[in-house]
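Okay, so here's the structure we're looking at.
Any read-out appearing in this document is the output of simple, stated calculations on the displayed coordinates, not a laboratory observation. Bear in mind the structure is a predicted one, so any value in this text is a computation, not a measurement. Neighbour counts run over all protein chains shown; Cβ positions are idealised from the backbone, glycine included.
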Amino acid sequence: MSNWFAKQLGRIGLADKQAEDLASAAPSGAPVSILLVDDTPANIQVLMETLKPLGHKLLAAKDGEAALGIAKRSRPDLILLDVMMPGIDGFEVCRRLKEDPELAQAAVIFCSALDDTAAKVRGLQLGAVDFVTKPFEPEEVVARVGSHLAIQQLARSLAARNRSLARELAVAQAGKQDALRRVDWMLLGGSEAMQEVKASVREAAADVAPVLLRSLPACGAEAVARAIHDASARRAGAFIGVDCIRLAASTAGLDGPAFSLGGEVPSRLELADGGTLFIEQIDRLTGTDLEQFASWVASATAAREAGRKAVPDVRVIAVTGLVSGKSLPEGFPSPLTLELTSHLLPLPSLAERRPDILPLASEILVRQSRSLGRKLKGFDPTSVQRLQAHDWPGNLRELEDVVARSAVASPAKASMATIDPALLQSGIALGSYRLVRKLGAGGFGEVWEGRHQMLARPAAIKLILSEAASAPDTVERFRREATATASLSSPHTVTLYDFGVSDQGQFYYVMEMLDGFDLEHYLGQHGTMPPARLVHFLIHACRSLVEAHAAGLVHRDLKPSNMYACRLGLEVDVLKILDFGLVRQAGGSQPRLTQADLIVGTPDFIAPECALGKDDLDGRTDVYSLAATAYNLAAGKSVFTGANPMVVVMQHIQAKPVPLVTVAPHVPQGLSDLLMACLAKSPADRPDAQVLLAALLASGLAQGWTETDRQAWWAEHRQARKA
């Protein structure tokens, strides 16, 4: 029925896409039914033969009483009704139909030899939609029936669509209220620090310029952003979020495009039209996304200065995790940095708003008690002292975790909660470890600095966020990452200590704590990398990959953020490969754990065969991504750029890259040629990691980055960080 309906909608002037959408919204189930009412059997027969090719269900009645009975039972969509009949005539039948709420929606077309205007007017006044004059012209009957059925179905489709939209709106409103309830408690308290924040919220709400929140993790950035939005003239508009860490991770694309304009799928920037775009961790914005966002900000600034509205008309509230030194990376375009930092709002840590700790903890306790069906009214005096004396390195998230655990652990009949001192020993408990400080996040995971409860050695702990932990595929991915990493012993692969599942069902693994930075951070802070240092790092990366590939493991997501330069004892500039979360056995011997049709890898660095979803991958897939990473570090730009991630992916599959030496003339021709060979479309045309390692060593380029150079660089920049 939907194909017929779409065709009829096209006949009455609706565009193909509109017709398709409305047809899909049409109530499904019973076929279209037509009731033919005439006291002359021959007329019934003619109408039957005329309408049969339409494929609808045809019913017949020889008089008005019979017609009303059939209509009551079958509820036809359209009725072809004779006027002059024995017993009650067609006008009376129409009147009764329209008085019955269950039958009033049926379209009535009168079929009559009466051709005078008065009869037609009377029929239309009774609720009929059309008149067909006897004797019938088959083409006319088919055309009129088709049009009126389409109009009737259109009305039903629009009603169904309106009901659906009303439900979606109600769901969105409920989601908004839930989001507000989840974060509004973070703004409680009357400390001097929070009074300043609230004053800044009022000031920002009265303006339209972008706001940059400078905040450590879990300091209430989203709550502040929502407060600004809800106090502004845009409160009725959408509040749309973009997580730049998730955007840059291997899950890029799951939420749709972020900042592109005019695509078939609206970007999150376009969805925020008339409202607010909340950008988390904007300091991690890179590549095409950064270019698109900077371009829109420039146009929006120009429009605002000219007294016009930006297109789309969006207020930006962003969060940067750079809380010391510059608020945004050096790699950001200067106009964008200037625009975003013109209204900078630093958010205090929990330790900087100590008078608020007890009100915050009390609110959390009330909510937790309610969810547990308990009546805890507060904390005992000793617990109050413990709450106020603790350093709270985990900020609001740690406070929430401690109070929630205390509520659960309190005796059933207790009226006061007790804070166990163990909960406040160097951070949030996680198995045998404690989370001391959040280091970063990406995709579904978070990385924390942690310590074993019995050992002093620090560690980095990676865990699945609670909202993702219920997904079997995600848990399996992290288990596989831990197992694969544990099997490798290269000094250039991160060392795994332990892995397990917490009491809350969070899968975690514990790896060595590294002192350094990832190469994405390097590029953002220091710009392009000199060739000698780049080759030095590539040699280290190849040594890691040679071991992994020999074991039959393919990383599949090499990129700057997964390559970490660190200090190990007296050695500096030691590269470690991180995140084997997408690793799989070469040759496709393991089942795919990703969603169907989801590209695995990061668009800027993805190998063509990986982008095509091929299963027979080997180590040369990683060689391609390593070369794309080197290109990015040397040139300050990706091998390919585009309006959205899929455009970039298609270029990796089809387009020929511009030689590295063309965009980065300082790169030696030999190194450029070697890396371009690694970017060959076919894996068969690329060197493997062992061959690449030998070529890099033979080039002698790494000798230009000496031990003295390395030590001097680290000494200079470590002092800069401390300053």
Q: May I ask you to evaluate 6.51 cos²θ - 1.76 cosθ + 1.60, the Karplus curve with θ = phi - 60°, for each residue of region 624-634 and list the ³J(HN,Hα) values in order in whole Hz, giving x for glycine and proline?
A: 4, 5, 5, 5, 5, 5, 4, 4, 4, 6, 7
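Counting pairwise Cα distances across region 515-718, what percent come out greater than 29 angstrom? All intermediate terms of the calculation are to be shown ahead of the outcome.
Details: 4089 of 20706 pairs.
Result for the distance tail: 20 percent.
Could you calculate, for region 351-424, the ratio of the Cα radius of gyration to the Kirkwood radius, expressed as Rg to Rh? If you can, show how the numbers build up before the last one.
Numbers: Rg = 11.2 Å, Rh = 12.1 Å.
A ratio of 0.93.
Taking the mean number of other Cβ atoms within 10 Å as a proxy for protection, how do you rank 555-566, 325-336, 704-715 from highest to lowest? It would help to have the intermediate numbers written out before the result.
Details: 555-566: 24.4, 325-336: 16.4, 704-715: 13.8.
Per-residue mean Cβ counts within 10 Å order the peptides as 555-566, 325-336, 704-715.
What Kirkwood hydrodynamic radius do you get for region 234-343 when you take the inverse of the mean 1/r over all pairs of distinct Cα atoms, in Å? Please list the in-between numbers first.
Values: mean 1/r = 0.0700 Å⁻¹.
Hydrodynamic radius (Kirkwood, Cα pairs) of region 234-343 is 14.3 Å.
Within 10 Å, count the other beta carbons around each residue, average over each peptide in 522-535, 645-658, and list them highest first. Kindly include the intermediate steps, with their values, before the conclusion.
Numbers: 522-535: 19.5, 645-658: 17.6.
Sorting 522-535, 645-658 by mean packing, highest first, produces 522-535, 645-658.
Set the bar at 20 Å for Cα to Cα. Now go through K98/K120; K576/K681; K62/K134 and name every pair that lies beyond it. Numbers along the way, then the final one.
On the way: K98/K120 17 Å; K576/K681 27 Å; K62/K134 17 Å.
Listed pairs above 20 Å: K576/K681.
Quick one: putting +1 on the C-beta of Lys and Arg, -1 on the C-beta of Asp and Glu, what dipole do you get for region 515-718 around its Cα centre, in Debye to the nearest 20?
Working: 16 positive and 21 negative charges, 46 e Å.
Its charge dipole is roughly 220 debye.
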Q.
Going Cα to Cα from K72, which aspartates and glutamates come in below 16 Å? Please leave out same-chain ones fewer than 8 positions away.
A. D63, E92, E99, D100, E102
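Quick check on my link table: of K198/K326; K462/K656; K377/K438; K326/K656; K377/K462; K462/K614, which ones sit more than 26 Å apart, alpha carbon to alpha carbon? Numbers along the way, then the final one.
Values: K198/K326 24 Å; K462/K656 37 Å; K377/K438 31 Å; K326/K656 37 Å; K377/K462 35 Å; K462/K614 29 Å.
Too far apart for the 26 Å limit: K462/K656; K377/K438; K326/K656; K377/K462; K462/K614.
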(Q) Using Cβ counts within 10 Å as a stand-in for footprinting exposure, how do T133, T493 rank, fewest first? (A) T133, T493
Q | Reachable aspartates and glutamates from K375, criterion Cα separation under 17 angstrom, eight or more residues apart if same chain | A | E363
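Which value, in nm² and rounded to one decimal, describes the direction-averaged projected area of the C-alpha convex hull of region 305-419?
Values: hull surface 44.0 nm².
Averaged projected area of region 305-419's Cα convex hull equals 11.0 nm².
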Q) Out of residues 5 or more away from V108 or on other chains, whose amide H comes under 5 Å of its own, with H placed 1.01 Å from N in the peptide plane? A) I79, V129
